[in-house]
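Just so it is clear, none of the values below were taken in a lab; they were calculated from the coordinates. Keep in mind that this is a model prediction, so the values were computed, not measured. Virtual Cβ from ideal backbone geometry, glycine too; neighbours counted across all protein chains shown.
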Amino acid sequence: MNNRQLPTLISMIQSAIICAELYLKAYYSSANTLTGWSLDDRDPQIIEKLIPFFDWIYKNYFRVQTDGWENIPKTGKVLLIGSHNGGLAAPDTVMMTYDLFQKFGTDRLAYALMEPKIWQVLPGLARLATQVGTIQPHPKLARAALRRGAAVLIYPGGAKDVFRPYSMRNKIYFHGHKGFIKLALQEEASIIPFISYGAHSTLIVLADIYPQLKQLHKLGMPWLGDIDPGVFPIYLGLPWLVAFGPLPNIPLPVPLHTRVCPEITFERSGEEAARDRKYVNHCYDLVCEQMQRELDRLVQEETNKSSGKTCWP
């Protein structure tokens, strides 16, 4: 280790200790606090304390390349719609959130919807995430956040997306969830997509056997902890090597390329448009198709880069 690396290592250790202290404080907080049901639990001071640790992760662990941030307005409501990757660690989500704070500051209101079961099975993580801006995935909360002029991050595919098989790593997979479309139409909010390359290689999802286990549950097999996981992957990754179920993981240090795509607009908006099932389906297909084209382009760029080819615009 040279003299230049030592201060960086010391700084990383110090920021990791701060991160651990904040986690423990959140873990031991009262069970009826930081539940994700209030927009006022977001704390810019907590975010500022966490940023140095994730700065090191961003630059040294995932070596993130990112672009397209000019597509996000500096103020005002906007829906940021992402494709989820990489297991419960979801490294692209964490890195994009870090980027959001770096580009717009911690005072730019931003919230992210998170799976409710996380508050049950990982309460310390969920309570800490609540202070960063994580909220329950309820339409009323999302609408309230947009009406405050916030950026709201939604990953429509949820757990099924984040644990989709490795063979589908370069596919947009929202599993037919269209609530974000209705929200955008009702609130007349812009949709700006997020995509990433590399995050779904930080673990290797072999299969999701939830449908088979659900059949066994109907025959009398209880869910562990009486919690329906909604997904039950078999994956290769750290620290388990082979994991069964939606267990937390340590992502492999795979380089990430994250991208903010151009805004998607719809011809109609408002309550009437949101109640038009055929139109909602059309808008959903439009978003999925446009995000898939953007992801295909990003994958091709990375493939050309790795093979040494020039990637023309």
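Structural remarks
- Less than 5 angstrom separates the built amide H of residue 82 from those of 154, 155, 194, all sequence-distant by 5 or more or on a different chain.
- Local net charge near residue 144, Cβ-Cβ under 12 Å (Lys/Arg +1, Asp/Glu -1): +3
- For 297, 127, order by how many other beta-carbon atoms lie within 10 Å, fewest first: 297, 127
- Gain on full stretching of the segment that runs from residue 299 to residue 206 - 0.36 nm per residue minus C-alpha separation: 31.4 nm
- Working note: Karplus 6.51/-1.76/1.60 with θ = phi - 60° gives segment 52-60 the couplings x, 5, 6, 5, 5, 4, 4, 7, 10 Hz, where Gly and Pro are set to x.
- GNM result for the chain, Cα springs below 10 Å: residue of 135, 51, 191 fluctuating most strongly: 51
- Dividing the alpha-carbon radius of gyration of segment 5-146 by the rule-of-thumb value 2.2 N^0.38 Å gives 1.05.
- Once the convex hull of all Cα atoms in segment 134-189 is built, its volume per residue stands at 92 Å³.
- For segment 11-22, 3J(HN,Hα) per residue [Karplus equation, 6.51 cos²θ - 1.76 cosθ + 1.60, θ = phi - 60°, Hz, x = Gly/Pro]: 4, 4, 5, 4, 5, 5, 5, 4, 4, 5, 5, 5
- Rounded to the nearest 20 debye, the dipole size of segment 238-309 about its Cα centre is 240 debye, using +1 on the Cβ of Lys and Arg and -1 on the Cβ of Asp and Glu.
- Based on DSSP H segments of at least four residues, each scored -39500 (n - 2.57), the chain has a per-residue ellipticity at 222 nm of -13000 deg cm²/dmol.
- All-pairs alpha carbon distance profile, segment 180-226, 5 Å steps from 0, percent: 5, 13, 12, 9, 9, 13, 19, 16, 5, 0
- Hull shadow area, averaged, segment 46-119 [alpha-carbon convex hull, nm²]: 5.7 nm²
- GNM flexibility winner over the chain from 278, 178, 117 (Cα, springs under 10 Å): 278
- All aspartates and glutamates inside 12 Å of residue 182 as judged from Cα atoms, apart from same-chain residues fewer than 8 positions distant: 271, 272, 276
- Residues listed by number, segment 130-166, amide nitrogen under 16 Å from residue 214 label point at 7 Å toward C-beta: 157-165
- Whichever lysines have a C-alpha closer than 19 Å to that of residue 103, once near sequence neighbours (fewer than 8 apart) are set aside: 49, 59, 74, 77
- Looking at the chain, the pairs of alpha carbons with a distance over 23 Å make up 59% of the total.
- Extension gain, residue 38-residue 107: 0.36 nm per intervening residue step, less the Cα-Cα distance, totals 23.1 nm.
- For the chain, the antiparallel share of DSSP beta bridges with both residues in that region comes to about 45%.
- Taking a straight Cα-Cα cut-off under 17 Å and skipping sequence neighbours fewer than 8 places away in the same chain, the aspartates and glutamates within cross-link reach of residue 218 are 226, 228.
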